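The values are calculated or read from the model by the stated rules, or taken from the named source; none is laboratory data. As the structure is a prediction and not an experimental result, all values here were calculated from the model. Every residue, glycine as well, gets a Cβ built from its backbone with ideal geometry; the counts of neighbours run over all protein chains shown. The area values use the complete protein model at the heavy-atom level, side chains included, leaving out ligands, DNA and RNA. Shrake-Rupley method; radii C 1.70, N 1.55, O 1.52, S 1.80 Å.
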Amino acid sequence: MCDAHAGEAVHRRRFVLFDGHPLASGYTVVTCRNCGAAYATPLPPQEAFERFYRDASKYADAATGTGSGAQLWDDERLANTARELSLFVSERDAHIVDLGCAAGGLLRQFAALDYHNLTGIDPAPACAEAVEKIPGVRGVVGSLFALPARVAPASLVVLSHVMEHVREVGLAVEALRQLVRPGGRVYVECPDAARYADYLVAPFLDFNTEHINHFSVRTLERMFSAHRWDVVASGTKDIASSPTSCYPCAWVLAELPREAREATPVTADVALRAALVRYVRMSEALLAGVVKRCESLKLDGREVFVWGTGQTTAILLADTPLARARIRAFTDSNPVHHGRTIAGVHVVPPAELRATPEVPIVIGSLLHGPEIAMSIAALGLTNPVIRLDPSAP
């Protein structure tokens, strides 16, 4: 964020990922002594992240990925965001760009509000194709570091849950100047790291392979002020993360000045480190509960299927007895993962589990455990189902 390169460690994290995964299988979360920003280090170069979101984006499947609005709770979140941002852009012909648009759920909500100059940019070709199917919306393949030349300058650029995924934060903010007209605005919304501990549902879920920056409102403000943008508004909000849970967010609305000016000094966020230390302690306690549950279920050496190949599974395979189970196969409802392997074990479609109904299914997600259990039942699978969240029946 500030190029100080003087981080103090908060937590060391490990993951068990897909074989050949381009992102880091471990890193240290640190806070900057100069500005208070929190980030993961060391990391692969930006090109690895670009390749990952182009070739292996979980958001490309509209039925399972957030951002499409396929789930009711996600659609309501996107509708609320579009309504909130409409207060800052009154002209219905204003050019609005959703950068990192996934399958275009937010753009569809803007179109429902009669905006008709809408563009979605995403590194995944499948996402751009999905956006093209929304009447009156353009879908373009690209990213912050590979902006398509044919996109006209925008009055508003939206980065909804994008900046926490970006390795080169400073370069990203500078790149936005190519996409925003003078006097235009950028809206950035990210997970609020200052409140992770208050919304804890799974151990270290916010310290994952994709979320490599951890913002507070103050560090979001600094991100723009340090690069000579004007901060128009900022704040916090809560959004749905599942049908039954919420997630804390921080947001900022910044304006590109019509005339060049000096960067505005912003004080360091000294409170963010304390908030993250609290989050680590609470995550450690929750993880200990998961370990105890694994031990009570005698997963060590037990033959199982594992449903879910996401962030929580990657952590549980690194830090719990699930790693010592005899995993027959992984399964996932997102078809983008089928055919891959994790530690040499294949990821198969859920229907393949029907052949061995006696093998239990361990649900690898703590957040979506109830929903996955319902999906298993809806598919007619009769395998015993094991949930690992300590409060599960």
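Table for the structure above
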| item | result |
| --- | --- |
| Centre separation in Å (Cα based) which lies between the stretch 192-256 and the stretch 298-347 | 30 Å |
| Protein-only accessible surface order, largest first, of VAL231, VAL137 at 1.4 Å | VAL231, VAL137 |
| Karplus-derived 3J(HN,Hα), 6.51/-1.76/1.60, for each residue of the stretch 10-17, Hz, glycine and proline x | 10, 6, 9, 10, 10, 9, 10, 10 |
| Quotient of Cα Rg and 2.2 N^0.38 Å for the stretch 212-310, N being how many residues it contains | 1.64 |
| Spin-label model distance (nm) - ARG177 vs THR267, 7 Å beyond Cα toward Cβ | 2.9 nm |
| Table column - 3J(HN,Hα) (Hz), the stretch 216-227, Karplus curve with 6.51, -1.76, 1.60, x for Gly and Pro | 10, 4, 5, 6, 4, 4, 5, 3, 8, 4, 5, 10 |
| For the stretch 39-51, 3J(HN,Hα) per residue [Karplus equation, 6.51 cos²θ - 1.76 cosθ + 1.60, θ = phi - 60°, Hz, x = Gly/Pro] | 7, 9, 7, x, 9, x, x, 4, 4, 5, 5, 4, 5 |
| Placed amide H near VAL385: partners under 5 Å, 5+ positions off or other chain | ILE361 |
| Restricting the stretch 265-323 to trypsin sites (Lys or Arg not before Pro) in coil, as DSSP defines it, with at most 13 other Cβ within 10 Å | LYS298 |
| Heavy-atom accessible area order for ASP75, ASP206, largest first, 1.4 Å probe | ASP75, ASP206 |
| Percent of alpha-carbon pairs separated by more than 13 Å within the stretch 1-60 | 67 percent |
| Largest-first ordering by accessible area, 1.4 Å probe, given options THR41, THR219 | THR41, THR219 |
| Accessible surface, the stretch 153-291, averaged per residue in Å² (probe 1.4 Å) | 37 Å² |
| Interchain or long-range residues, amide H under 5 Å from TRP307's placed H | THR331, VAL362, ILE363, GLY364 |
| In Å², nearest 10: area of CYS2 left accessible to a 1.4 Å probe | 40 Å² |
| Percentage relative contact order, the chain, counting C-alpha pairs under 8 Å, at least six apart | 15 percent |
| Placed amide H near HIS346: partners under 5 Å, 5+ positions off or other chain | PHE330 |
| Linear extension gain, GLU303 paired with GLU84, 0.36 nm per residue minus alpha-carbon span | 73.9 nm |
